[in-house]
Amino acid sequence: MLEEETFVEGISVPDNNRHFVTSLARGLEILQAFRPGEGPVGNNELAKRTMLPRSTVSRLTSTLMQLGYLTYRKSLGKYEPSPAVLSLGYTFLANNKLRLLSRPLMRDFARQVGLGVAMATRVRLNMVYVETARGGDESTLRLETGSYLPIATTAVGRAFLCKLAESERALLLDHVRKKHLEDWPEIKKGFESAQKDFADFGYCLSMGEWQSVFHAVGTATRDNSSGDVAAYNCGGSSYLVTEARLREDVGPRLVGLARSIEVICGVD
């Protein structure tokens, strides 16, 4: 039961679970502590990000290096993920049914609206892009596969939350509340507005709430055979991509894309 689980950073772990291997979990924490585009990271910084003792982090990074998942940059005294990590992610991408079905539709969509479109799924309290298609408009935000976005203030994250079962959504939002106590009233207000839009129109918006210069619309779909949920977003510079355009044109088109994926999944 969800009530009997310890919920930490978006992961539910049953209390006193004898099958939970703490050392493995900590090793994966180290791998997830690296961020796109930042370069090598030292043990001190990894300890801060994971809230693990530095001695523990040192043993874990040494082990991961010996296993081939980290590369040690001796001149810097820091680590970075090795190409071996890519093989783990590629297996997911290659086996993800929703992503494979979405790719050609996303490319057509991007060409039609002239804006980039992305597909994402949840990793803890973030959304991570698993597929992107670029449009021709230079106002589009350039984010690549693997980019992280917060779940509660982005259009793609809000759409994902709206597609979940009520119990799972409530659990995630409660953890967002605990992590962002000062900002929670504003976050809650924004999500409730997005939830109403999702119920009424099938999409929700984020108008400068994640990045002040970025407007986006998001929607979500589900593969009923597996229960997997994926979310999609499209947007661009707030100076060029207006709320009216998102509501009247881009949003309905994005909902159509998601519905097409659901139909294909249903046929399968």
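For (1) within 21 Å of ARG107 (Cβ to Cβ); (2) surrounded by 18 or more Cβ atoms within 10 Å (Cβ to Cβ); (3) in contact with a Lys or Arg (Cβ under 9 Å, 6 or more places away or on another chain), each residue gets a yes or a no:
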position: GLY202; (1), (2), (3): no, yes, yes
position: SER206; (1), (2), (3): no, yes, yes
position: SER212; (1), (2), (3): no, no, no
position: ALA220; (1), (2), (3): yes, yes, yes
position: ASN233; (1), (2), (3): yes, yes, no
position: SER238; (1), (2), (3): no, no, no
position: GLU243; (1), (2), (3): no, no, no
position: VAL250; (1), (2), (3): yes, yes, no
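So, ARG99, is that one buried (at least 18 other Cβ atoms within 10 Å of the Cβ) and either at pLDDT below 95 or among the basic types (Lys, Arg) (or both) or not? Considered against the rule, which asks whether it is buried (at least 18 other Cβ atoms within 10 Å of the Cβ) and either at pLDDT below 95 or among the basic types (Lys, Arg) (or both), ARG99 comes out as yes. Pairing residues of region 238-267 that are without any contact (Cβ under 8 Å) to a residue 40 or more places away in the chain with residues that are among the hydrophobic types (A, V, I, L, M, F, W, C) and surrounded by fewer than 16 Cβ atoms within 10 Å (Cβ to Cβ), at Cβ distances under 8 Å and at least 6 apart in sequence or on separate chains, gives SER238/VAL213. The listed residues are ALA94, ALA159, and the only one of them that is closer than 27 Å to ASP183 by Cβ, over 9 Å from the mean Cα position of the chain (by Cα) and either surrounded by 14 or more Cβ atoms within 10 Å (Cβ to Cβ) or not hydroxyl-bearing (Ser, Thr, Tyr) (or both) turns out to be ALA159. Can you name every residue in region 167-185 that is over 18 Å from the mean Cα position of the chain (by Cα) and in contact (Cβ under 8 Å) with a residue 12 or more places away in the chain? SER167, the sole residue that qualifies. Of all residues in region 81-95, those that are closer than 20 Å to ILE30 by Cβ and touching a residue at least 12 places away in the same chain (Cβ under 8 Å) have Cβ atoms under 7 Å from Cβ atoms of residues that are polar (S, T, N, Q) and surrounded by 10 or more Cβ atoms within 10 Å (Cβ to Cβ), 6 or more apart or on another chain, in SER82/THR71.
From the list ALA194, ALA155, the lone residue that is assigned by TED's automatic domain parsing to the domain that holds GLY227, in contact (Cβ under 8 Å) with a residue 60 or more places away in the chain, closer than 30 Å to ASP108 by Cβ and touching a strand residue (DSSP E or B) at 6+ places or on another chain (Cβ under 8 Å) is ALA155. Among the numbered conditions (1) in contact with a helix residue (DSSP H, G or I) (Cβ under 7 Å, 6 or more places away or on another chain); (2) assigned to a helix (DSSP H, G or I); (3) aliphatic (A, V, I, L, M), the only one that ALA120 does not meet is (2). Mind checking whether some residue in region 31-44 is in a helix (DSSP H, G or I), at pLDDT 90 or above, surrounded by 13 or more Cβ atoms within 10 Å (Cβ to Cβ) and of a type in the set (Val, Ile, Thr)? Checked region 31-44: no residue is in a helix (DSSP H, G or I), at pLDDT 90 or above, surrounded by 13 or more Cβ atoms within 10 Å (Cβ to Cβ) and of a type in the set (Val, Ile, Thr).
The values are calculated or read from the model by the stated rules, or taken from the named source; none is laboratory data. These numbers come from a predicted model, not from an experiment. Backbone-built Cβ (ideal geometry, glycine too); neighbour counts: all protein chains shown.
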